[in-house]
Structures are given as C-alpha cells and as structure tokens.
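A.B. asks: Just dropping this structure here.
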Amino acid sequence: HSLEGYERIPRPDHAKTLSRVTSLAGVLQLQGKCNEAETMDRCALEGCEKVLGPDHANTLASANSLARVLRVRGKSNEWRPGSWCV
C-alpha cells in the first residue's frame, strides 16, 4: 500500500514539525544565513501561535528564536512585546 506509514509523518502544523523548523532556523543563523533564519522563524512562530497558542513552550521558544535573529540582523526595533507577529 503506497500510503502505508504516511499517517506517522507529522503535518506542517504539527507541534514536532514546528519545533524542528525553529531548530533549523537556529542552524541557519549559526551558518550566517540570517535572512533565511528569519523567514523560517516567522513561519514557525505563526504556526505555533495558531496551533499551540501563545503560552505554549514551543511558541515561546519560537518567539525567542525570532527575537535573537532580529537582534543579530539589527532589527530589534521590529519586535513588539506582547505581539507574536512582528
């Protein structure tokens, strides 16, 4: 059956997938690919907030990751505390 095992693959909006996107963004930042890291962090944060809510640990980790990459890129002024979307 060609779809066997497909059910075990996390969806793009699954908590594990979103966590991995945040982790990948951190790796990209370490490699100096901050533009790509910012894009991934924004996607992960948007997904986490929608799927998990603003107070979930993964959402907070994604927010922290985005804040770090914005700081590195000299865009700290874009971060608005209390707002998940920057």
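A.B. asks: Just by accessible area at a 1.4 angstrom probe, what is the order of LYS16, LYS75 from largest to smallest?
C.D. replies: On the way: LYS16 120, LYS75 50 Å².
Result of the area sort, largest leading: LYS16, LYS75.
A.B. asks: Between ARG20 and LYS33, what length comes free when the chain is fully extended (0.36 nm per residue of separation minus the Cα-Cα distance, one decimal in nm)? Walk me through the intermediate numbers first.
C.D. replies: Details: separation 13, 0.36 × 13 = 4.68 nm, distance 1.68 nm.
Stretched out fully, the ARG20 to LYS33 stretch lengthens by 3.0 nm.
A.B. asks: Taking θ = phi - 60°, what integer Hz values does the Karplus form 6.51 cos²θ - 1.76 cosθ + 1.60 yield along the range 25-36, in sequence order, with x for Gly and Pro?
C.D. replies: My calculation for the range 25-36 gives 4, x, 5, 4, 4, 4, 7, x, 9, 5, 5, 5 Hz in order.
A.B. asks: Would you mind telling me the share, in percent, of accessible area of the range 32-76 contributed by carbon and sulfur at probe 1.4 angstrom? Could the numbers behind the result be given before it?
C.D. replies: Details: 1190 of 2340 Å².
In the range 32-76, the share of accessible area belonging to carbon and sulfur is 51 percent.
A.B. asks: While we're here: Identify the residues of the range 26-63 with backbone N under 18 Å of a label point that sits 7 angstrom from the Cα of ASP13 along the Cα-to-Cβ direction, or state none.
C.D. replies: Only 42-56, 58-59 pass the distance filter.
A.B. asks: Now for a separate question. For GLU49, tell me the accessible area in Å² from a 1.4 Å probe, rounded to the nearest 10.
C.D. replies: Accessible area, nearest 10 Å²: 60 Å².
A.B. asks: Would you mind putting 39-47, 56-64 in packing order, based on average other-beta-carbon counts within 10 Å, highest first?
C.D. replies: Values: 39-47: 21.3, 56-64: 18.4.
Descending packing order for the listed peptides: 39-47, 56-64.
A.B. asks: I would also like to ask the following. Per 5 Å bin from zero, what fraction in whole % of the C-alpha pairs of the range 32-76 is there, up to the bin with the longest pair?
C.D. replies: 5, 28, 29, 20, 13, 5
The values are calculated or read from the model by the stated rules, or taken from the named source; none is laboratory data. Everything numeric here is computed off the predicted structure, so don't read it as measured data. Here Cβ is always computed from backbone atoms with ideal geometry, including for glycine, and neighbour counts include all displayed protein chains. Remember, those area values only see protein heavy atoms, side chains included, never the ligands or the DNA or RNA. Shrake-Rupley method; radii C 1.70, N 1.55, O 1.52, S 1.80 Å.
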